[in-house]
Amino acid sequence: MAKVRILVAKPGLDGHDRGAKVVARALRDAGFEVIYTGIRLTPEQIAESALQEDVNVVALSLLSGAHNTLFPKVVELLKAKGMTDVMVIGGGVIPESDIPGLKAAGIEAVFTPGTATTEIVKYINEHVK
Amino acid sequence: MDIAEGVLGGSRLALSKAITAIENEHEDAVEIMRKIYPHTGNAYVIGITGPPGAGKSTLTDKLAKEYRKRNKTVGIVAIDPTSPYSGGAILGDRIRMLDLIADEGIFVRSMATRGNLGGLSQKTGDAVKLMDAYGMDIIIVETVGVGQSEVDIIKTADTTMVVVVPGLGDDIQAIKAGILEIGDLFTINKADREGVEKLNIEIEMMLELNQEDVAWRPPINRTIASKDEGIEAVVDSIAEHRKYLEETGELEKVRQSRIKSEVIAMVNDHISRHIDEKIVATDGFAQTILKLQNRETDPYSVVDNIVNNVLK
């Protein structure tokens, strides 16, 4: 009875969690196990939580503009902890022009405002290891 | 990485991977459990149960911190319900324990019930064993807190704590549900709310009606977990219960009975699966059902037949 486990977290100081909660619920409704860790986490807290929970996916939400710093930091820390098969995805207020840079840094997909939650579910189902 | 070796050697990554292996029934799961089993039996297991909203996760967070002050390492298994509709789950206990992440002496794993009606399962027990073999001094299992799971927790824990809060509508409800009967200690959380005295008296009354466990009188503590109040007394009460169990030899008895229940449950589970796969899933079985519906045969003969075949 293998299940896909997903960590939903908001790094940094952004407190706008409505989007993250909506995504968390949609992921649960799609049959995933969602570890929802809320707001104001450090990249280290996110990576360590991902390790302890042995998640398949880390889903980061950020609306404050710090994504270029914080998202790659999470990817880096996951690798350092030996979590090499984790899919890292992101969402929030992220300009299109930042997306290639994020992908180069290891964030596999970015889902910006207006994305249907079904699209996120589909992506995870198709690409999770 | 040899996962079992890693667990015994204190690797957090190995412990995490091992729990995943048993939860998802990987091929190497049984082998891992075989290797680590001889190294279990050292950790002290505390079960925390109670109705939703009682503050179990917050309390667990504070208890873990107090244990760390007393130089103990702590493993936590936090259980939340799987949705019967989607098969998914929101595991939201970790959010109350974020301070613990930086502490290397603490490991928190969230687990979903995954359709196990009792709320706990063999897999919870296996996760506890892994944390035990890893070297945790204390393991806290925090459960869903509805229905059957309260009774299940006593099969996993050395000390069972029931957490209640005042003013949850009808306080007598809790007594009716029977959950109060399994507590080795009681914690009234959110003790700054109205109705604390009343609840305390009701629990005391219930305990007096229960004549069986006269040797150990469950203490009732009050906490305001969110304000870190009353935590030390709870940890002290757990220690007293442990001392009682150890001095009277009860601990050995309790653990033996637990091992027995577990083996029986595992055997039953295996047989159950065998029946599901080899009998229920067959076309022959579907036809048998039709025959039964047409009264061409009866359930008793059918069962006799199946059982005789299985036991051969």
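The values are calculated or read from the model by the stated rules, or taken from the named source; none is laboratory data. Bear in mind the structure is a predicted one, so any value in this text is a computation, not a measurement. Positions of Cβ are generated from backbone atoms using ideal geometry, with glycine treated the same way; all protein chains shown enter the neighbour counts.
Determine which member of the set B:VAL254, B:VAL235 is touching a residue at least 12 places away in the same chain (Cβ under 8 Å) and buried (at least 18 other Cβ atoms within 10 Å of the Cβ).
Just a single option satisfies the conditions, and that option is B:VAL235.
Any idea which of B:GLU25, B:GLU31 is free of Cβ contacts under 8 Å to residues at least 60 places away in the same chain and closer than 21 Å to A:ASN56 by Cβ?
On inspection, the qualifying residue turns out to be B:GLU25.
Here are some residues: A:VAL75, A:VAL34, A:VAL58, A:VAL8. Which one is more than 12 Å from every other protein chain (Cβ to nearest Cβ), within 14 Å of the chain's Cα centre (by Cα), buried (at least 20 other Cβ atoms within 10 Å of the Cβ) and under 20 Å from B:ASP93 (Cβ atoms)?
The conditions single out A:VAL58.
Kindly check whether there is at least one residue in the stretch B:106-115 that is surrounded by fewer than 21 Cβ atoms within 10 Å (Cβ to Cβ) and either among the aliphatic types (A, V, I, L, M) or more than 14 Å from chain A (Cβ to nearest Cβ) (or both).
Within the stretch B:106-115, none of the residues are surrounded by fewer than 21 Cβ atoms within 10 Å (Cβ to Cβ) and either among the aliphatic types (A, V, I, L, M) or more than 14 Å from chain A (Cβ to nearest Cβ) (or both).
If you go through the stretch A:1-20, how many residues are assigned to a loop (DSSP other than H, G, I, E, B) and under 20 Å from B:LEU13 (Cα atoms)?
Total meeting the criteria: 3.
Looking at (1) surrounded by fewer than 16 Cβ atoms within 10 Å (Cβ to Cβ); (2) without any contact (Cβ under 8 Å) to a residue 12 or more places away in the chain, which is the one condition that is false for A:GLN52?
(1)
Just to be sure before I move on: is B:ILE79 within 14 Å of chain A (Cβ to nearest Cβ) and part of a strand (DSSP E or B) in the structure I sent?
Answer is yes for this residue.
Show the residue pairs meeting these rules: Cβ distance below 7 Å; 6+ apart or different chains; first residue within the stretch B:181-202 and not assigned by TED's automatic domain parsing to the domain that holds B:LYS155; second residue assigned to a helix (DSSP H, G or I).
none
Can you tell me how many residues in the stretch A:11-26 are of a type in the set (A, V, I, L, M, F, W, C), within 20 Å of A:ALA116 (Cα to Cα) and more than 7 Å from every other protein chain (Cβ to nearest Cβ)?
Number of matching residues: 4.
Could you run through the stretch A:42-55 and say how many residues are within 7 Å of another protein chain (Cβ to nearest Cβ) and among the aliphatic types (A, V, I, L, M)?
Of the residues in the stretch A:42-55, 1 are within 7 Å of another protein chain (Cβ to nearest Cβ) and among the aliphatic types (A, V, I, L, M).
Residues that are farther than 19 Å from A:ARG5 by Cα and in contact with a Gly (Cβ under 7 Å, 6 or more places away or on another chain): list the helices (runs of 4 or more DSSP H) wholly contained in the stretch A:21-107 that include at least 2 such residues.
A:67-80
Of everything in the stretch B:219-233, what is small (Gly, Ala, Ser) and under 17 Å from B:GLU197 (Cβ atoms)? Give them in sequence order.
Scanning the stretch B:219-233 gives a single hit, B:GLY230.
Suppose the filter is at pLDDT below 85, assigned by TED's automatic domain parsing to the domain that holds B:LYS243 and over 16 Å from B:THR60 (Cα atoms); does B:LYS155 pass it?
Criteria met by B:LYS155.
Tell me, yes or no, whether the stretch A:90-104 has at least one residue that is under 14 Å from the mean Cα position of the chain (by Cα) and of a type in the set (D, E, K, R).
yes
The rows are residues; the columns are (1) of a type in the set (A, V, I, L, M); (2) modelled with pLDDT under 90; (3) within 21 Å of B:TYR67 (Cα to Cα); (4) surrounded by fewer than 23 Cβ atoms within 10 Å (Cβ to Cβ).
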position: B:GLY147; (1), (2), (3), (4): no, yes, no, yes
position: B:MET161; (1), (2), (3), (4): yes, no, yes, no
position: B:GLY169; (1), (2), (3), (4): no, yes, no, yes
position: B:THR187; (1), (2), (3), (4): no, no, yes, no
position: B:ASP192; (1), (2), (3), (4): no, no, no, yes
position: B:GLU197; (1), (2), (3), (4): no, no, no, yes
position: B:ILE203; (1), (2), (3), (4): yes, yes, no, yes
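Please verify whether B:LYS69 is within 25 Å of B:VAL164 (Cβ to Cβ) and either crowded, with 18+ Cβ neighbours inside 10 Å or away from every other protein chain (no Cβ under 12 Å) (or both), treating the condition exactly as stated.
Criteria not met by B:LYS69.
Would you point out which residue out of B:ARG258, B:ARG222 is in contact with a strand residue (DSSP E or B) (Cβ under 7 Å, 6 or more places away or on another chain) and not aliphatic (A, V, I, L, M)?
Going through B:ARG258, B:ARG222 in turn, just one is in contact with a strand residue (DSSP E or B) (Cβ under 7 Å, 6 or more places away or on another chain) and not aliphatic (A, V, I, L, M): B:ARG222.
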